[in-house]
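Just below is one structure, and these are the notes that go with it.
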Amino acid sequence: MRKSIIAGNWKMNKTLQEGISFVKELESKLKNKNVNCDVIVCVPFIHLVSIYEIIDTKIIKLGAQNNADNSYGAYTGEISAAMIASTGAKYVILGHSERRVFYKETNLSLKKKVELALKNNLIPIFCIGESLEERKSAKQNMVIETQMKDSLFSISANDFEKIILAYEPVWAIGTGETATSNQIQDMHTFIRKIIVNKYGQAVANKTSILYGGSCNENNAKEIFANSNVDGGLIGGASLKIDTFLQIIETF
Ligand code: PGA
């Protein structure tokens, strides 16, 4: 019932031209393969229109990496959920730890972002994860539960069903250090339990929970073998066709 998903997070990488040629090549390679998961690329805002125009969304789906916490108005430099939706993109990463840390996004501002994304028919890929300090002091479960409660639990079950979650331990992002299989399985099981308690088993059964953090072509198989892991949010390894394809083919 749950969708398997591999989502690439390009972060602030690739010029428009590089992005276009990457997606063209990726699509032509995926066409000839038996792909058993949804493939999403989350690209910089300015790439959205051009990439949407050239992709077959049955093969590659398109997302952004953030949306504003206001609908419209005097917020210089911001991009609204409605603007993203107007490009044709269907997904948006929200709550990535880099946004939480570098741009001071809070559980409350993320709650507004999630609500606006949903209102504009975007599917949030909502990131949750603990810092190294929090993991060392065994606070990871509390941190994750708080992130979910404060940003997501005001939405209806109907809306929650649309959300994709991504567990990304902050200490594993871009560091080459992955969480162990046991840590991943424990956390994903815990996350699903939180959803069961709040929204019931039926909703929890429909929610895809991705793992992110130094996931690559070598460790993907072991990570995705966990029964509560429904795919991956891939940073560095999504920037090269070969490695991204190998991860997709793991399913
Ligand atoms: P990484 O990034 O795969 O480079 O660790 C993952 C992410 O930040 O989503």
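Brief remarks follow.
- Maximal additional length on extending the residue 34-residue 203 stretch stands at 58.0 nm, based on 0.36 nm per residue less the C-alpha distance.
- Bridge type composition, the chain - antiparallel percent by DSSP, nearest 5: 0
- In this structure, residue 24 and residue 45 have a Cβ-Cβ separation that, at R0 = 25 Å, corresponds to a calculated FRET efficiency of about 0.80.
- Peptides 75-83, 36-44, 201-209 ranked from most to least packed give 36-44, 201-209, 75-83, packing being the mean of other C-beta atoms within 10 angstrom over each peptide's residues.
- Calculated from backbone phi, Karplus (6.51, -1.76, 1.60) coupling profile of the range 135-146 in Hz, x at Gly/Pro: 5, 5, 9, 6, 9, 4, 5, 5, 4, 5, 5, 5
- What the phi angles of the range 29-42 give under the Karplus curve with 6.51, -1.76 and 1.60, with θ = phi - 60°, is a coupling list of 6, 5, 4, 8, 10, 8, 9, 9, 8, 6, 10, 10, 10, 9 Hz, glycine and proline written as x.
- ³J(HN,Hα), Karplus 6.51/-1.76/1.60, whole Hz, each residue of the range 232-246, x for Gly, Pro: x, 9, 10, x, x, 6, 8, 8, 10, 4, 4, 5, 5, 4, 4
- Dmax and Rg, reported as Rg then Dmax, of the chain (C-alpha, Å): 16.9, 48
- Linear extension gain, residue 15 paired with residue 106, 0.36 nm per residue minus alpha-carbon span: 29.8 nm
- Stretched out straight at 0.36 nm per residue, the stretch from residue 119 to residue 154 would grow longer than its current Cα-Cα span by 11.2 nm.
- Under 5 Å between amide hydrogens, built in the peptide plane, is the criterion, and for residue 93 it picks out 64, 65, 66, 125 among residues at least 5 positions away or on other chains.
- Beta bridges by DSSP in the range 1-110, antiparallel share as percent, to the nearest 5: 0
- Here the range 5-248 exposes an accessible surface that is 50 percent carbon and sulfur, computed with a 1.4 Å probe and the other protein chains kept in place.
- The range 5-248, accessible area per residue, ligands and nucleic acids excluded (1.4 Å, Å²): 45
- Expected 222 nm ellipticity per residue - DSSP helices of 4 or more, -39500 (n - 2.57), all of the chain, to 500: -12500 deg cm²/dmol
The values are calculated or read from the model by the stated rules, or taken from the named source; none is laboratory data. Note that this is a predicted model, so its numbers are computed, not measured. We place every Cβ from the backbone using ideal geometry, glycine too, and count neighbours over all the protein chains shown. Only protein heavy atoms, including side chains, enter the accessible area calculation; ligands, DNA and RNA are left aside. Shrake-Rupley method; radii C 1.70, N 1.55, O 1.52, S 1.80 Å.
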